[in-house]
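A.B. asks: I am attaching a structure below and will ask some questions about it afterwards.
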Amino acid sequence: MTTEVARPTAVTGKEYQLLINGKWVPSKSGETLERRYPANTDVLVATFPAATEEDVDAAIAAARAAFDNPTGWAHIPARQRADVLRRAAQKIRDETNELAKLLASEVGKPVGEASLEVVMTADVFEYYAGLALNVSGQVRSNYVDDALGLILKEPVGVVGIITPWNFPMLLATWKLAPALAVGCTTVIKPATYTPCTTFELGRILTEAGAPAGVVNVVTGSGKVVGDRIAASPHVDKVAFTGSTEVGQHVMRAAAGNVKKISLELGGKSPNIIFADAPLQGAVIGSLFGIYLNAGQVCQAGSRVLVQKEIHDQFLGMFTNFIGTMKIGDPMDPATRMGPVVSDAQLSTVEHYVDAGNKEKATLVTGGGRVTGAGFEKGYFYQPTVFDQVDNRMKIAQEEIFGPVLSVIPFETPEEALAIANDTMYGLAAAVWTKDIDRAIKFAKNIKAGTVWINSYHAAGALGVPVMPFGGYKQSGIGRELGLEGMEGFLETKSVSIKLN
Ligand code: NDP
C-alpha cells in the first residue's frame, strides 16, 4: 500500500498588523492592502495595513528611543545580542516548512527554492551572531611618542531597511542581522507585493528576545512609507535593495540629513562560456543562472556570451534542458519555475520581448505567456531565449527581471571581456573555462562585485554568508554579507590619548 503525500497548497487568509515598539497595531488610517497568490489570483494570501506617515514616524521614534536608551540594545553585552540572533535562527529552522510555504505563496517562487531561502536566512542570523562578539577597533601606538591612538567602532544608529519582493526574507536579513548584531535598531519596509515573511521575521525576532523598538515593521507604498524612512532626520542609515531608479531617489532623499546609505541595485550580468568549458556543467549552471526565481534575481546571468565554436552545441543542449523544466504551481515540489510576481512584471517582460523581436534578435524558444488549464489566473511566462543578440540592443542593456535570456556569440577572450564590461551595471559575472590563467585574468579585469569561475550562483552571495556582495558602477554602493556587511553598520571613532 502506498500513502499519498498531499501537495501543500498556498497559504491563505493571513492577517497582519504593523509592528511598532513591540506591539502589533493597525495603521492610523485603518486602511489595508492585500496580497494575492501570483499563481492564482483567486487566492487571497494576506491582508496587511497601509501605514501612514504618522505610523512610520511612530516606528522611527520607537527605534530612536530604543537606540538612545543608555542601558538599551546598543549597550547590552554583545553576547546577549548574539543570543537573540541565534534563537531567531533556530526558530526559523524549526518553522522552515511553514515559512517556505508562506514565502512561495507571496512571491510565487517554487517551494523548493523558498525552502532554500529560509535556510539561508537562518544561516545569516547565525553567522552574524558569531560576529557580534568580534566588533573590534585598533590601537595605533607609534605615530608619536607621547600619544596613543584608539580606533573604536560603534553602531551607526537607527537603520531604515527597504527591501524588494524577489528574496524578501533573505534580503531583509542581509541588513537586519549585521545591523542588530552591532547594536543598531531598525525600521523595515518590505515590498508591498511581499510583506508576509518580513512580518514573520519581526515576530520571530520579538519572540527571540529583541526588546521593544529594536525591530519595527511598517508596510505600505514606497512613495509614502519608503520615502518617509529615506527622508527622516531621525534615521541614521538607509539600507536599500531594489531598482536603480528608486535607489537614486533614496540617495537624494537621504541627503537631507546626510544619512549613510547602502544600495544594492540591478544588474545585467554576463555569463561567459569558452569553447574549453565543461559543457554540461556550463549549460546547467546557465539555466540556474537565468531561470532561478523566474529570472527575478538582481545577479541573474541574463547575458550568456558563448564562444562561436561551441555556440550551436551549447544552444541545442540549453533548449533541450528547458524542455525538461516543469512550469507550474509553486507548491508542487516538481515545479522548477513559477509565475512572475505581478501583472506589472508580466507586462515588463512582454515589453522587452517585443523590443527583442523589433531589434531582430533571433527568438529561439518561449516568447509568450504560458496558457492552458491551471495557468489562467497566474502570471506565468515561458522561459525565453533570444540568440544572435547584439550587446547594444535594449534586451542586452536593460534589466528585464524575468525569464528572458540574451545569447551573444563571441570569438576572442578580448572581445568577450569588452562585451561583458559594456554595461552600466557591475553586479556579478561568471566565466566557464578549464584554462585557469584565462579565468583569473578575466576575474581581475571584469568590473563586477562578484565573479564565479565554473559556476553560477552556486558559491558566493547566494550560497554562504561569508563573501561580501554588492555592485560596481550603477549596481550599487556598499557591500552586504561577510565582515564588510557588518562594517557598513559601524561608525569609526578616533580617540587620541596624550601621554604626559
Ligand atoms: P522598486 O525599486 O520600486 O522597489 C524596491 C523597494 O523600494 C520596495 O520596497 C518599494 O516599495 C520601495 N520604494 C518604491 N518607491 C519608493 C520611494 N519613492 N522611496 C522609498 N522606497 C520606495 O522595485 P520594484 O519592486 O518596483 O521593481 C522594479 C524593478 O526593479 C524590477 O523590474 C527590477 O528590474 C528591479 N529590482 C531589482 C531588485 C534587485 O534585487 N536589485 C529587486 C527588485 C526589483 P513598494 O513595493 O511599496 O513599491
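The values are calculated or read from the model by the stated rules, or taken from the named source; none is laboratory data. None of the values given here were measured: they were computed from a predicted structure. So basically every Cβ, Gly included, is an ideal-geometry build from the backbone, and we count neighbours across all protein chains shown. To get the accessible areas, we keep the full protein, side chains included, count just its heavy atoms, and leave off ligands, DNA and RNA. Shrake-Rupley method; radii C 1.70, N 1.55, O 1.52, S 1.80 Å.
A.B. asks: Pairs, please: C-beta under 8 Å, at least 6 apart or cross-chain, first residue under 17 Å from V297 (Cα atoms) and in segment 93-108, second open to solvent by 30 Å² or more (accessible area, probe 1.4 Å) and hydroxyl-bearing (S, T, Y)?
C.D. replies: E106/Y193; V107/Y193; G108/Y379
A.B. asks: Moving on. Which of the residues belonging to segment 268-310 are in a helix (DSSP H, G or I), hydrophobic (A, V, I, L, M, F, W, C) and open to solvent by 10 Å² or more (accessible area, probe 1.4 Å)?
C.D. replies: If the condition is that a residue be in a helix (DSSP H, G or I), hydrophobic (A, V, I, L, M, F, W, C) and open to solvent by 10 Å² or more (accessible area, probe 1.4 Å), then L279, I284, L287, F288, L292, I310 are the ones that fit.
A.B. asks: Here is a further query. Please go through segment 190-203 and pick out each residue that is touching a strand residue (DSSP E or B) at 6+ places or on another chain (Cβ under 8 Å) and open to solvent by 10 Å² or more (accessible area, probe 1.4 Å).
C.D. replies: If the condition is that a residue be touching a strand residue (DSSP E or B) at 6+ places or on another chain (Cβ under 8 Å) and open to solvent by 10 Å² or more (accessible area, probe 1.4 Å), then T192, Y193, R203 are the ones that fit.
A.B. asks: Can you find a residue in segment 330-343 that is in a helix (DSSP H, G or I) and either open to solvent by less than 50 Å² (accessible area, probe 1.4 Å) or at pLDDT below 95 (or both)? Break it down into steps so the answer makes sense when it comes.
C.D. replies: Here is the first cut: in segment 330-343, the residues in a helix (DSSP H, G or I) are 343.
Now narrow it down to the ones that are either open to solvent by less than 50 Å² (accessible area, probe 1.4 Å) or at pLDDT below 95 (or both): none.
Within segment 330-343 (the criterion being in a helix (DSSP H, G or I) and either open to solvent by less than 50 Å² (accessible area, probe 1.4 Å) or at pLDDT below 95 (or both)), the answer is no, since none of the residues qualifies.
A.B. asks: Can you spot a residue in segment 159-176 that is in contact with an Asp or Glu (Cβ under 8 Å, 6 or more places away or on another chain) and not hydrophobic (A, V, I, L, M, F, W, C)?
C.D. replies: Checked segment 159-176: at least one residue is in contact with an Asp or Glu (Cβ under 8 Å, 6 or more places away or on another chain) and not hydrophobic (A, V, I, L, M, F, W, C).
A.B. asks: Return yes when L152 is more than 14 Å from the ligand (Cβ to nearest atom), open to solvent by 50 Å² or more (accessible area, probe 1.4 Å) and in contact with a strand residue (DSSP E or B) (Cβ under 7 Å, 6 or more places away or on another chain) and no when it is not.
C.D. replies: Numbers: more than 14 Å from the ligand (Cβ to nearest atom): yes; open to solvent by 50 Å² or more (accessible area, probe 1.4 Å): yes; in contact with a strand residue (DSSP E or B) (Cβ under 7 Å, 6 or more places away or on another chain): yes.
The answer is yes for L152.
A.B. asks: Now for a separate question. Tell me the residue from T206, T244 that is open to solvent by 10 Å² or more (accessible area, probe 1.4 Å), closer than 22 Å to K14 by Cβ and of a type in the set (S, T, Y), please.
C.D. replies: Going through T206, T244 in turn, just one is open to solvent by 10 Å² or more (accessible area, probe 1.4 Å), closer than 22 Å to K14 by Cβ and of a type in the set (S, T, Y): T206.
A.B. asks: To continue, here is another question. Kindly indicate the residue of segment 426-440 that is in contact (Cβ under 8 Å) with a residue 24 or more places away in the chain and open to solvent by 20 Å² or more (accessible area, probe 1.4 Å) and also nearest to I327 (Cα to Cα) among those meeting that condition.
C.D. replies: Taking the candidates together, the pick is K434.
A.B. asks: If you don't mind, another one. Of everything in segment 156-167 that's open to solvent by less than 10 Å² (accessible area, probe 1.4 Å) and over 10 Å from T241 (Cβ atoms), which residue is nearest to the ligand (Cβ to nearest atom)?
C.D. replies: Across segment 156-167, the extreme among qualifying residues is G160.
A.B. asks: Sticking with this structure for a sec: For segment 8-25: of the residues being open to solvent by 80 Å² or more (accessible area, probe 1.4 Å) and not acidic (D, E), which is nearest to A100 (Cα to Cα)?
C.D. replies: T9
A.B. asks: Working only within segment 344-385, note down all residues that are assigned to a strand (DSSP E or B), of a type in the set (A, V, I, L, M, F, W, C) and without any contact (Cβ under 8 Å) to a residue 60 or more places away in the chain.
C.D. replies: At the first step, the residues of segment 344-385 found to be assigned to a strand (DSSP E or B) are 362-365, 369, 381, 384-385.
Going one step further and asking which of them are of a type in the set (A, V, I, L, M, F, W, C), we end up with 363-364, 385.
Within segment 344-385, L363, V364 meet the criteria.
A.B. asks: Shifting gears a bit: Looking only at segment 219-267, count how many residues are within 10 Å of the ligand (Cβ to nearest atom), touching a residue at least 12 places away in the same chain (Cβ under 8 Å), not in a strand (DSSP E or B) and not aliphatic (A, V, I, L, M).
C.D. replies: The total comes to 14.
A.B. asks: Follow-up. Residue by residue through segment 268-310, note down the ones that are β-branched (V, I, T) and either in contact with a helix residue (DSSP H, G or I) (Cβ under 8 Å, 6 or more places away or on another chain) or within 11 Å of the ligand (Cβ to nearest atom) (or both).
C.D. replies: Listed by number, the residues that qualify are I272, I273, V283, I284, V297, V304, V306, I310.
A.B. asks: Test K91 against the stated conditions and say whether it is buried (at least 17 other Cβ atoms within 10 Å of the Cβ), under 30 Å from V156 (Cβ atoms) and among the basic types (K, R).
C.D. replies: The answer is yes for K91.
A.B. asks: Based on this model, can you work out whether K175 counts as under 14 Å from the mean Cα position of the chain (by Cα) and among the basic types (K, R)? Explain how you work it out, then say what you get.
C.D. replies: On the way: under 14 Å from the mean Cα position of the chain (by Cα): yes; among the basic types (K, R): yes.
When the stated conditions are applied, K175 passes them.
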